[in-house]
Amino acid sequence: MTTHAPAPASPPLDRVTSAGAAWLVSASAYPRSTLATWETRPGAPAVLPCGSVFDVVNVPAVFGRRMLDALWAEGPGSGPVAGQRGRMLLFAAPGTAQRLPALLEWERRADAVPPLLCHGAGDAVTVPALRPKAAEQGPRWVVAPDVRHPWLPGPEVLFWACVRASRLSIFPPADQGANVYDVSRRR
């Protein structure tokens, strides 16, 4: 009789892998001490600088969900994404914070999207915990970093995701071929 070891469970989407944590802390001026601190307190969020390893595009949550849907449905997907206080933080390639608003202005699309907060060089963001506690409020991973070098969308990719998301309506389009009957005068 042979016994089989249970299959390893895949990590939850809301938890950062050790490779993902190594990538996140590589943004810090002191990655080893930042990682050591984070490993002793995996339930605590951290503040990391933007601009060298990643930029962050901070959008309202509903618009961010629409952007994510566009990125995954019509493109290459997204990099890490966090949710916090009614907003979504989309991790992007360095330089995106400066270039994305300029692209939106240049293409005259800036008025079609909600205000974006772009965090780049000189800025810092609070990132969710490595192992979030279920009952706690606070930042959460929507797409947690899981590799040492995650793909990060650049300004052009996020520009098109903004355009697609701004075109979405919360109401489905009316079926133009539907039969419509006036039932208000029925007896």
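Just so it is clear, none of the values below were taken in a lab; they were calculated from the coordinates. Fair warning: this is a prediction, and the values are worked out from it, not measured in the lab. Cβ atoms come from the backbone with ideal geometry, glycine included; neighbour counts cover every protein chain shown.
Some notes on this structure:
- Electrostatic dipole magnitude of the range 77-138 [Cβ: Lys, Arg +1; Asp, Glu -1; Cα centre; debye, to 20]: 200
- Protection proxy ranking, highest mean first, for peptides 15-27, 45-57: 45-57, 15-27, where packing is the per-residue count of other beta-carbon atoms within 10 Å, averaged.
- Summed side-chain charge close to residue 104 - residues other than residue 104 whose Cβ falls under 12 Å, Lys, Arg +1, Asp, Glu -1: -1
- 3J(HN,Hα) couplings calculated from phi for the range 53-67 with the Karplus curve 6.51 cos²θ - 1.76 cosθ + 1.60 (θ = phi - 60°) are, in sequence order, 9, 7, 10, 10, 9, 9, 10, x, 4, 5, 5, x, 5, 5, 4 Hz; Gly and Pro show x.
- Residue 54 sits among other residues whose Cβ lies under 15 Å from its own Cβ, and their net charge, with Lys and Arg +1 and Asp and Glu -1, is -1.
- Positive contributions from Lys and Arg (+1) and negative ones from Asp and Glu (-1), summed over other residues with Cβ under 14 Å from the Cβ of residue 86, come out at +4.
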